[in-house]
Amino acid sequence: MPTYIVNQNPQSNGDYEVHDQASAYGCLPNSSNQVWLGSFSSCKGAVDEANSRGYSPANGCFYCANGCHTG
């Protein structure tokens, strides 16, 4: 099951980006900015978890969590 992290620094539009920790796309934030969210069967669970922890609004990474990317 994939594990996910969230970038603790928001993007320029205010979104907190959720990433698949095993991403091979080179899109992961610096390790010092990563907050581990846990293992989820899909990015939706990870985005929901990020939002519940105050990283709101959370959004899936375009590259590694595209199914949850809203733009």
*Taking into account only those residues within region 12-52 that are of a type in the set (S, T, N, Q) and not in a loop (DSSP other than H, G, I, E, B), which is least open to solvent (accessible area, probe 1.4 Å)?*
Asn33
*List pairs: first in region 42-66 and within 15 Å of Leu28 (Cβ to Cβ), second open to solvent by 50 Å² or more (accessible area, probe 1.4 Å) and of a type in the set (A, V, I, L, M), Cβ under 9 Å, 6+ apart or cross-chain?*
Cys61/Leu28; Cys64/Ala22; Cys64/Ala24; Cys64/Leu28
*Would you pick out the residues in region 53-67 that are open to solvent by less than 20 Å² (accessible area, probe 1.4 Å) and within 13 Å of Asp20 (Cβ to Cβ)?*
Gly60, Cys61, Ala65
*Enumeration of residues in region 53-71 that are among the polar types (S, T, N, Q) and assigned to a loop (DSSP other than H, G, I, E, B)*: Ser56, Thr70
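The values are calculated or read from the model by the stated rules, or taken from the named source; none is laboratory data. In this text, all values refer to a predicted model and were calculated from it rather than measured experimentally. No Cβ is skipped: glycine too gets one built from the backbone with ideal geometry, and neighbour counts run over all protein chains shown. The protein model used for the area step is the full one, side chains on, heavy atoms only, and it has no ligands, DNA or RNA in it. Shrake-Rupley method; radii C 1.70, N 1.55, O 1.52, S 1.80 Å.
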